[in-house]
Amino acid sequence: MKLTYTLKPGFAGPRAEWPARDHDEPSKKIAEEKIESGFYRAAGKSPAPSRKPEVPLSPPPPSPKPTHWEPGEKGKPKLVEG
């Protein structure tokens, strides 16, 4: 079976013994394992559509207030915001 290599987000690559390229796999059983891994698809078949998150992403937290150190009582440093 002819297989097309596809990148899998978040992973470096397939198992060490599997080539990271398009190739012809003679064993149907191994070809099915490779397709199930997500690193390959049958040649000529379009990749599965990517799913978008159903819940919108929350906004990032606010930036922290700028701070700096100033001399305090008895020479001890004091953290000051602003």
(message) If the reach is capped at under 18 angstrom between alpha carbons, list the aspartates and glutamates near LYS45, excluding any in the same chain fewer than eight residues apart.
(response) ASP22, ASP24, GLU25, GLU32, GLU33, GLU36
(request) Treat the stretch 1-47 as a sphere of radius equal to its Kirkwood radius over Cα pairs and apply Stokes-Einstein at 37 °C in a medium of 0.692 mPa s; give the translational diffusion coefficient in µm²/s, rounded to a whole number. (result) 310
(message) Give the lysines reachable from LYS78 as a straight Cα distance under 25 Å; neighbours fewer than 8 places away on the same chain don't count.
(response) LYS65
(message) Given the DSSP H assignment, sum -39500 (n - 2.57) over each helix run of at least 4 residues in the chain and divide by its residue total; what's the result at 222 nm in deg cm²/dmol, nearest 500?
(response) -3500 deg cm²/dmol
(message) With viscosity set to 0.890 mPa s at 25 °C, what whole-number translational diffusion coefficient in µm²/s follows for the chain from Stokes-Einstein and a Kirkwood radius over Cα pairs?
(response) 139
(message) For a quick check, take a GNM of the chain with Cα springs below 10 Å and name the residue from PRO62, PRO26, PRO14 with the largest mean-square fluctuation.
(response) PRO62
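No value in this document is a laboratory result; all are computed from the given coordinates. The model shown is predicted, which means the values in this text are computed figures rather than measured ones.
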